[in-house]
Amino acid sequence: MENNRVFLSLSQQSGFEQDYVKNALDSNWITSGGPNVSEFEEKLENYIDDESLVVALNSGTSAIHLALILLGVASGDEVICQSMTFSASVNPVLYQGAIPVFVDSEFDTWNICPENLEIAIKDRIQKGKKPKAIIAVHIYGNPYKIDEIHSIADKYQIPIIEDSAEALGSSYKSKKCGTFGDFGVFSFNGNKIITASSGGGLITKSKLLKEKAIFYANQSKDKAIHYQHSEVGYNYRMSNICAGIGLGQMHILDENINARREMHLFYESIFKDIPNVKLYQSINEDYFSNYWLSTILIEPDIENNINGESLRKGLEIANIESRPLWKPLHLQPVFEKYPYYGNKVAEDLFKKGLCLPSGSNLTSEDRNRIKEAICLFFEKK
Ligand SMILES: *Cc1c(COP(=O)(O)O)cnc(C)c1O
């Protein structure tokens, strides 16, 4: 029997998406902005807390770009960014002609390291330029060291863009990720915890900044009868159709998070008896991860050919997808010429790490296959 492929992270429908999309089509509101967009923003605002405002955009990348623009990041400015993340965290820095400065991870959360962050800030200031912003990321849904990072940012008065693209529903000390930074960012791309087919959210506490973000996202149209523009504009607003899908997905957001956390428990049960493997775990109760992806570190065993890549191949034989961790950005050809501060923690994580199938749609049959393939791999060794 041919086995279907088990994927890393697929979207799952609630069934309500079609109603919202049908409403948009029936009312002929099939452009950007519109009733679904406003309702999606409201639902997200209610979900995260009482003070945050959300601007629905066409991608998480656009949200990061607008955050940089609203913080006044311009050509030649420096922006600190966590090295271990997806390239979209930092690409908008280059769109602005600004200079990324990469900072290493720490082993507890795999996110931006407080010590190296402060070293980087001091050194950049000493070299003559105070960084304009810090992009901190909750990778795989795991909150970064919020208290430590924000106290350093406060000390030097540098704003934080909190990249929560992977962390919708995660929280720190019971406060939702995305609400800690000067700006927060969500992604509703197809592989994230919920999807709008594509889309993003910019989070701010200021009504004025929300209005300004919408202004930029709608081509910076001045108030006039004709098309009048005093500033550069962007076509970044979410469409009413995509927002319909996002609204449908809100019905199963908590369910999806529970399902992903179940997957994490499932891996916990498998790996507790395998000494070479350490499953990523939140360090204490303060850190609540949506476990968007379950990830492991494999201590290499050269004699028995055990390492991340051999396990990946072992899973591939069973038609199960797994993938290395984010390759640190300071090692990427496009970014390697920019400054980096660290002790190769992200490099070490990248060498030993693997992301495992974590979708909320995985069946018990899928799980059995995953378990069998992992056990087979380690038994043969
Ligand atoms: C997905 C992702 C983004 C970008 O979001 P898009 O909606 O795909 O543009 C940014 N940062 C991180 C960490 C991501 O995982």
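The values are calculated or read from the model by the stated rules, or taken from the named source; none is laboratory data. Just so it is clear, the structure is predicted and the values come from calculations on it, not from any experiment. Note: ideal-geometry Cβ built from the backbone for every residue, glycine included; neighbour counts use all protein chains shown. Heads up: the accessible areas ignore ligands, DNA and RNA and are worked out on the full protein's heavy atoms, side chains in. Shrake-Rupley method; radii C 1.70, N 1.55, O 1.52, S 1.80 Å.
Remarks
- Look at the stretch 60-73: where a residue is near the ligand (Cβ under 7 Å from one of its atoms) and a partner is acidic (Asp, Glu), sitting 6+ places away or on another chain with Cβ atoms under 7 Å, you get Ile64/Asp163.
- Count of residues meeting criterion [under 26 Å from the mean Cα position of the chain (by Cα) and either β-branched (Val, Ile, Thr) or under 30 Å from Asn258 (Cβ atoms) (or both)] in the stretch 290-314: 12
- Any hit, the stretch 48-59, residues being assigned by TED's automatic domain parsing to the domain that holds Val232, closer than 19 Å to His330 by Cα and within 12 Å of the ligand (Cβ to nearest atom): no
- Wholly enclosed strands (runs of 3 or more DSSP E) of the stretch 276-372 bearing at least 1 residues surrounded by 19 or more Cβ atoms within 10 Å (Cβ to Cβ) and not aliphatic (A, V, I, L, M): 294-298, 353-356
- Among the candidates Thr109, Thr61, Thr85, the residue that is open to solvent by less than 10 Å² (accessible area, probe 1.4 Å) and touching a Pro at 6+ places or on another chain (Cβ under 7 Å) is uniquely Thr109.
- Pairing each residue of the stretch 331-342 that is within 17 Å of Ser105 (Cβ to Cβ) with any residue that is part of a loop (DSSP other than H, G, I, E, B) and at pLDDT 95 or above, provided the two are 6+ apart or on different chains, yields C-beta distances under 6 Å for Gly342/Asp104.
- Residue match in the stretch 221-231 (condition: surrounded by fewer than 24 Cβ atoms within 10 Å (Cβ to Cβ) and touching a strand residue (DSSP E or B) at 6+ places or on another chain (Cβ under 6 Å)): no
- Long-range neighbours under 8 Å by Cβ, at least six apart or interchain, first residue touching a residue at least 24 places away in the same chain (Cβ under 8 Å) within the stretch 11-38, second of a type in the set (Phe, Trp, Tyr) and in a loop (DSSP other than H, G, I, E, B): Pro35/Trp29; Asn36/Trp29
- The listed residue being aromatic (Phe, Trp, Tyr), assigned by TED's automatic domain parsing to the domain that holds Asn111, more than 12 Å from the ligand (Cβ to nearest atom) and touching an Asp or Glu at 6+ places or on another chain (Cβ under 7 Å), out of Tyr156, Tyr227, Tyr172, Tyr140: Tyr172
- Tally, over the stretch 175-204, of residues that are part of a strand (DSSP E or B) and either outside the structural domain of Ile241 (by TED's automatic domain parsing) or within 12 Å of the ligand (Cβ to nearest atom) (or both): 7
- Considered as a group, the residues in the stretch 114-134 that are in contact with a helix residue (DSSP H, G or I) (Cβ under 7 Å, 6 or more places away or on another chain) and over 24 Å from Ser174 (Cβ atoms) include one that is farthest from the ligand (Cβ to nearest atom), and that residue is Lys130.
- Test: residue in the stretch 89-104 that is open to solvent by 10 Å² or more (accessible area, probe 1.4 Å) and under 24 Å from Leu297 (Cα atoms): no
Table: residues versus (1) over 30 Å from Arg124 (Cα atoms); (2) in contact with a Pro (Cβ under 8 Å, 6 or more places away or on another chain).
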| residue | (1), (2) |
| --- | --- |
| Phe7 | yes, yes |
| Pro35 | yes, no |
| Ser38 | yes, no |
| Lys43 | yes, no |
| Leu57 | yes, no |
| Gly72 | no, no |
| Gly76 | no, no |
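- Residue within the stretch 122-135 that is within 22 Å of Ser52 (Cα to Cα) and touching a Leu at 6+ places or on another chain (Cβ under 6 Å) present: yes
- Residue in the stretch 95-111 that is within 12 Å of the ligand (Cβ to nearest atom) and in contact with a Lys or Arg (Cβ under 9 Å, 6 or more places away or on another chain) present: yes
- Scan the stretch 118-137 for residues that are touching a residue at least 60 places away in the same chain (Cβ under 8 Å) and surrounded by 24 or more Cβ atoms within 10 Å (Cβ to Cβ) and the total you get is 3.
- The stretch 256-266: number of residues that are within 15 Å of Ala167 (Cα to Cα) and either open to solvent by 90 Å² or more (accessible area, probe 1.4 Å) or among the aliphatic types (A, V, I, L, M) (or both): 3
- Any hit, the stretch 101-121, residues being assigned to a strand (DSSP E or B) and charged (D, E, K, R): no
- Filter pass, Asp182 being surrounded by fewer than 24 Cβ atoms within 10 Å (Cβ to Cβ) and more than 30 Å from Glu285 (Cβ to Cβ): no
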